[in-house]
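The values are calculated or read from the model by the stated rules, or taken from the named source; none is laboratory data. In this text the structure is predicted, and so the values were computed from the model without any measurement. Using ideal geometry, Cβ is built from the backbone for each residue, glycine included, and neighbour counts are taken over all protein chains shown.
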Amino acid sequence: MELLKKVSETIKKYSMLSEGDDVLIGLSGGPDSVCLIIILDKLRDNFNLSLSAIYINHGLRPEESKKEEVFCRGLCGRVGIRLYTESVNVKEYSSLKRLNLQEAARELRYMVFKKYSEQIKAKRIALGHNADDQVETVIMKLLRGAGRKGLSGIYPVRGNIIRPLIEIPRSEIEDFLARQEPPVEFVTDSSNLKTDYFRNWLRLKIIPELKRRNPALIETIIRTSAILSEEDAYLEGIVTKTMMRLVSRRDEDSIELFLFPIEKLERPILRRVLIRAIGEIVPFRGIDFVHIENIIKLIKEGKSGDTLILPRALRVIKKYSTVLLTKKTRAELKPYVLDVPGEVYLDEIKAFIRTRISTTMDEAADGKKVAVFDLDTLSLPLYVRKRRDGDYFYPVGMGNKKKKLQDFFVDEKIPREERDSIPLVISGDSVIWVVGHRMDERFKAGEQTKRFLIAEVIKESQ
């Protein structure tokens, strides 16, 4: 039982299991996941484990999938564990997310793993990646230009995901199954035999030749990957400390970093900071080294307002003092009518503008959230719209001096990508209020005002 011993050592080395863990096993019916089922079943009593498995039908091979599910049910029945099944539409998801089929299938698999692990309260999700998978991943990333993080390969443990076979070669797995009494069968995914996919081409054509020339290829790459992984963990500790002084603000869709510290970072740490920041907003797959270099160029050489569009609908915007990474779409206002008195809801920015009429100056006006106008100077109805070419107004406090709206935005350091989402209140052909910023001198209430129009912008969250 040499392989059982090796897997036990891997589990111990990476602290993969604890006493009494509930473990959900990803089961495809292939040799790796079948071996994983057998091994964890043999270790069940050692750790007092509760085991279950999940089979995912990707909808790509209808006939084969039926046979695989039947096989998986039989296997789970023999070892006495519960099997869950789930079907996903990889082609539809691939088209929706603009991913290739392999990337789409991977994302959907991990979504299903997460869903069922939460549903059954599994502490661990066990997957059957082996040493050959590790070698293929490292070579793929090397050929695509990855750095130390990418060349660390597949992590033995990431969150609640464990890979007990990650240091076991595929040949040993298949030999283990063949030596069981009776021999343990498995199913073969026909798509793994095609060289259309890059990984399959490496597996079937390139790696066998590399092994022929270097029989210790797997051991060498696994050892190198482990070293790089340790170094990567050390550098990530530095990145964590660095991020603490860089983040201006963050939410689930965006992260904003201060420019001054980030411009001074040495390039190796800067790359990692950007990778970390991106990973907090979108899955990193599909974003390559060249994209990170383009962000660095934007930070160091770009002008305020310059924008990069990256995969996964990620936008990177250089502002005056920060750099914003966001997957939020731009909110360009459509025109609205503003009743007087009354209110209008601006759906694009999730805010109300409310108006009321008064015969006294009963509201403190800052010109930003609250503006007070001389109603008798206005032409009704009022409108709300986004900016247009040629817009101008007379900003309060500038002594009846005319100013182009474009110049006002520049002077106020309002980022380019935000300008189309700033509401303008319009009377006749005149901009009377740049909402949230400044009102127009010509229409403000004064000592001679008899009827006051009080306008207020209220964000929905309030």
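Restricting the first residue to region 7-25 and requiring it to be of a type in the set (G, A, S), which pairs with a second residue that is not in a strand (DSSP E or B) meet a Cβ separation below 6 Å and a spacing of at least six or different chains?
From region 7-25, the pairs are G20/N48.
Here is a check on your reading of the model: is G367 farther than 23 Å from R438 by Cβ, in contact with a Lys or Arg (Cβ under 8 Å, 6 or more places away or on another chain) and either exposed (fewer than 13 other Cβ atoms within 10 Å of the Cβ) or in contact (Cβ under 8 Å) with a residue 12 or more places away in the chain (or both)?
Judged against the criteria, G367 is not a match.
Among the residues that make up region 230-240, is at least one of them within 30 Å of E417 (Cα to Cα), modelled with pLDDT of 90 or more and either among the polar types (S, T, N, Q) or surrounded by fewer than 17 Cβ atoms within 10 Å (Cβ to Cβ) (or both)?
yes
Yes/no per residue for (1) in a loop (DSSP other than H, G, I, E, B); (2) among the small types (G, A, S); (3) surrounded by fewer than 16 Cβ atoms within 10 Å (Cβ to Cβ); (4) touching a Cys at 6+ places or on another chain (Cβ under 6 Å):
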site: V384; (1), (2), (3), (4): no, no, no, no
site: G390; (1), (2), (3), (4): yes, yes, yes, no
site: F408; (1), (2), (3), (4): no, no, no, no
site: E417; (1), (2), (3), (4): no, no, no, no
site: D420; (1), (2), (3), (4): no, no, yes, no
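Looking only at region 71-87, how many residues end up being in a helix (DSSP H, G or I), touching a Ser or Thr at 6+ places or on another chain (Cβ under 9 Å) and either surrounded by 18 or more Cβ atoms within 10 Å (Cβ to Cβ) or among the β-branched types (V, I, T) (or both)?
2
Among D32, D41, which is touching a helix residue (DSSP H, G or I) at 6+ places or on another chain (Cβ under 8 Å), part of a helix (DSSP H, G or I) and over 19 Å from P169 (Cα atoms)?
D41
Would you list the strands (runs of 3 or more DSSP E) that sit entirely within region 243-358 and hold 1 or more residues that are loosely packed, with under 13 Cβ neighbours inside 10 Å and modelled with pLDDT under 90?
In region 243-358, the matching strands (runs of 3 or more DSSP E) lie at 307-310.
Counting only residues that are among the hydrophobic types (A, V, I, L, M, F, W, C) and over 26 Å from E172 (Cβ atoms), which one in region 57-71 is modelled with the highest pLDDT?
Among those that are among the hydrophobic types (A, V, I, L, M, F, W, C) and over 26 Å from E172 (Cβ atoms), it is V70.
Can you find a residue in region 189-196 that is more than 19 Å from V282 (Cβ to Cβ), basic (K, R) and at pLDDT below 85?
Taking every residue of region 189-196 in turn, at least one turns out to be more than 19 Å from V282 (Cβ to Cβ), basic (K, R) and at pLDDT below 85.
Specify which of the listed residues (E68, E64) is crowded, with 18+ Cβ neighbours inside 10 Å and either at negative phi or not in a helix (DSSP H, G or I) (or both).
E68
Cβ-Cβ below 9 Å, separation at least six or inter-chain, first residue in region 74-100 and among the acidic types (D, E), second part of a loop (DSSP other than H, G, I, E, B) and at pLDDT below 95: which pairs?
E92/G59
Looking at R250, R199, which one is more than 16 Å from I139 (Cβ to Cβ) and of a type outside the set (V, I, T)?
When all the criteria are applied, what remains is R250.
So which of V435, V431, V410 ends up being modelled with pLDDT under 95 and on the phi < 0 side of the Ramachandran plot?
Result: V410 is the single residue among V435, V431, V410 that is modelled with pLDDT under 95 and on the phi < 0 side of the Ramachandran plot.
Quick one: which residue in S427, S421, S379, S358 is within 30 Å of K319 (Cβ to Cβ) and either over 34 Å from the mean Cα position of the chain (by Cα) or hydroxyl-bearing (S, T, Y) (or both)?
Among S427, S421, S379, S358, only S421 is within 30 Å of K319 (Cβ to Cβ) and either over 34 Å from the mean Cα position of the chain (by Cα) or hydroxyl-bearing (S, T, Y) (or both).
Taking only region 105-130 into account, find how many residues are over 29 Å from I292 (Cα atoms) and in contact (Cβ under 8 Å) with a residue 60 or more places away in the chain.
Of the residues in that region, 13 qualify.
Only residues that are surrounded by fewer than 20 Cβ atoms within 10 Å (Cβ to Cβ) and more than 22 Å from the chain's Cα centre (by Cα): list them for region 141-168, please.
L142, L143, listed by residue number.
Looking at (1) part of a loop (DSSP other than H, G, I, E, B); (2) surrounded by fewer than 13 Cβ atoms within 10 Å (Cβ to Cβ), can you tell me which one M398 breaks?
That leaves (2) as the condition not met.
Looking only at region 11-49, how many residues end up being surrounded by fewer than 18 Cβ atoms within 10 Å (Cβ to Cβ) and among the polar types (S, T, N, Q)?
Residues flagged as surrounded by fewer than 18 Cβ atoms within 10 Å (Cβ to Cβ) and among the polar types (S, T, N, Q) within region 11-49 amount to 4.
Take region 224-278 and flag every residue that is in contact (Cβ under 8 Å) with a residue 60 or more places away in the chain and of a type in the set (F, W, Y).
Across region 224-278, the qualifying residues are F258, F260.
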